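The values are calculated or read from the model by the stated rules, or taken from the named source; none is laboratory data. From a predicted model like this one, the values you see are computed outputs, not experimental measurements. Note that each Cβ is placed from the backbone with ideal geometry, even for glycine, and that neighbours are counted across all protein chains shown. Heads up: the accessible areas ignore ligands, DNA and RNA and are worked out on the full protein's heavy atoms, side chains in. Shrake-Rupley method; radii C 1.70, N 1.55, O 1.52, S 1.80 Å.
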Amino acid sequence: MAHPAPCNMLAPIILAINYCTATFTGRAAHAAAAPWEGVNALDAAVNAYTALSMLRQQMKPSWRMHAVISEGGTRPNIIPERSVIEVGLRAPTDKEVGELKEKTVAIMQSAAMATGCSVTLSYLVEDKPAHYSSLITNDRLIESYRRHWQSFKPAYPSIVPDRVWASTDMGNVSQVVASIQPNFEVGANAELHTRPFAERANLPEAHSATRCVAKAMSAVGWDALTDSSFLAEAKAGFQQQLAAQQ
């Protein structure tokens with residue numbers, strides 16, 4: 001697989017990710033007439049969000065955490081009886097994501113206890129398991145891709161150093177078979193998931209870059225089909241990288 005991006009990157013550092021959704025349940029009450037009768041679920045979500053922000057001070061530089069309060073009440077004159085906070089947890093390995101998850105669960109439970117709410121935790125997105133593993137970039141495959149890709153480009157492409165990028169289900173694939181997911185430039189100076197990037201990706205030069213990458217990826221597949229030693233080296237390298245990760 002290959003991914004459009006603001007820059008060319010052969011082996012981006014793709015993080016493992018786990019999603020956690022916490023639903024806090026309190027008790028509704030009139031906010032003016034009898035607020036003492038209510039149990040404020042929004043307070044629980046705010047408490048949790050604040051504690052997550054504090055946790056970032058002690059997180060490793062390669063860890064990432066981002067959260068939104070997606071539900072927090074319906075009217076200002078009603079004590080919210082339900083709130084929802086959604087959190088994405090990322091780290092270089094599944095084990096580290098597990099460590100971050102434990103800390104997050106403790107925060108959610110303590111926020112519920114502090115506000116008198118109950119909390120339900122879910123690790124699903126649209127009823128599907130929401131976990132992606134980190135990406136193992138196969139050295140032999142990516143070298144083949146680089147050689148073919150540079151031969152198809154009309155001008156010698158610039159390649160930026162590999163850095164932390166994002167997360168993808170391609171990481172799960174790379175844990176069971178030799179894989180690559182290079183980034184290729186279509187939107188210089190425009191970050192992913194922005195309107196400027198979408199506009200840039202619709203230009204003819206972006207389509208030309210995509211065709212070059214498609215040819216290079218096909219050529220890697222051809223190498224694997226026609227060169228038994230190439231395929232054997234890729235498989236052996238995969239086993240070595242997998243063992244080193246564990």
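Take the residues in the range 62-86 that are closer than 20 Å to residue 34 by Cβ and in a loop (DSSP other than H, G, I, E, B); name whichever of them is most open to solvent (accessible area, probe 1.4 Å).
75
Listed here are the residues, each with its yes/no results for (1) in contact with a strand residue (DSSP E or B) (Cβ under 9 Å, 6 or more places away or on another chain); (2) among the acidic types (Asp, Glu).
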site	(1), (2)
1	yes, no
14	yes, no
55	yes, no
77	yes, no
81	yes, yes
110	no, no
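Residues in the range 41-61: is at least one assigned to a loop (DSSP other than H, G, I, E, B) and open to solvent by 40 Å² or more (accessible area, probe 1.4 Å)?
Narrowing the range 41-61 to residues assigned to a loop (DSSP other than H, G, I, E, B): 59-61.
From what is left, the residues that are open to solvent by 40 Å² or more (accessible area, probe 1.4 Å) are 60-61.
The answer is yes, given that some residue of the range 41-61 is assigned to a loop (DSSP other than H, G, I, E, B) and open to solvent by 40 Å² or more (accessible area, probe 1.4 Å).
In the range 175-213, what residues are charged (D, E, K, R) and either part of a loop (DSSP other than H, G, I, E, B) or touching a Phe, Trp or Tyr at 6+ places or on another chain (Cβ under 7 Å) (or both)?
Looking only at the range 175-213, we keep the residues that are charged (D, E, K, R), and these are 185, 191, 195, 199-200, 205, 211.
Hit for the range 175-213 is 191, nothing else.
Scan the range 144-156 and give yes if some residue there is touching a Cys at 6+ places or on another chain (Cβ under 8 Å) and either open to solvent by 20 Å² or more (accessible area, probe 1.4 Å) or at pLDDT 95 or above (or both), otherwise no.
Of all residues in the range 144-156, those touching a Cys at 6+ places or on another chain (Cβ under 8 Å) come to 149, 152-153.
Those left that are additionally either open to solvent by 20 Å² or more (accessible area, probe 1.4 Å) or at pLDDT 95 or above (or both): 152-153.
The answer is yes; a qualifying residue exists.
Name the pairs whose Cβ atoms lie under 8 Å apart, with the first residue in the range 39-60 and under 16 Å from residue 72 (Cβ atoms), the second among the basic types (Lys, Arg), and 6 or more positions between them or separate chains?
Close Cβ pairs (under 8 Å, with a partner that is among the basic types (Lys, Arg)) amount to 39/27; 41/82.
Restricting to the range 95-105, name every residue that is open to solvent by 40 Å² or more (accessible area, probe 1.4 Å) and out of contact with any helix residue (DSSP H, G or I) (no Cβ under 9 Å at 6 or more places or on another chain).
Here is the first cut: in the range 95-105, the ones open to solvent by 40 Å² or more (accessible area, probe 1.4 Å) are 95, 99, 101-103.
95, 99, 101, 102 - these are the residues of the range 95-105 that are open to solvent by 40 Å² or more (accessible area, probe 1.4 Å) and out of contact with any helix residue (DSSP H, G or I) (no Cβ under 9 Å at 6 or more places or on another chain).
Considering only the range 24-40, how many residues are touching a strand residue (DSSP E or B) at 6+ places or on another chain (Cβ under 7 Å) and open to solvent by less than 30 Å² (accessible area, probe 1.4 Å)?
4
Exactly one of (1) touching a Lys or Arg at 6+ places or on another chain (Cβ under 6 Å); (2) modelled with pLDDT of 95 or more; (3) more than 30 Å from residue 27 (Cβ to Cβ); (4) not small (Gly, Ala, Ser) is unmet by residue 138. Its number?
The number of the failed condition is (1).
Can you tell me how many residues within the range 87-117 are part of a strand (DSSP E or B) and farther than 18 Å from residue 50 by Cα? Walk me through how you get there before you give the answer.
As a first pass, look at the range 87-117 and keep what is part of a strand (DSSP E or B): 87-91.
Still in the list and also farther than 18 Å from residue 50 by Cα: 90-91.
Adding up the residues that qualify gives 2.
Does residue 11 satisfy the condition of being at pLDDT 95 or above and either outside any strand (DSSP E or B) or at positive phi (or both)? Reasoning before the result, please.
Details: at pLDDT 95 or above: no; either outside any strand (DSSP E or B) or at positive phi (or both): yes.
Here the answer is no, as residue 11 does not meet what is asked.
For the range 210-236, what are the residues that are modelled with pLDDT under 95, farther than 23 Å from residue 167 by Cβ and surrounded by 12 or more Cβ atoms within 10 Å (Cβ to Cβ)?
212
Looking at the range 35-73, which of its residues are under 19 Å from residue 109 (Cβ atoms) and aromatic (Phe, Trp, Tyr)?
Selection gives 49 alone.
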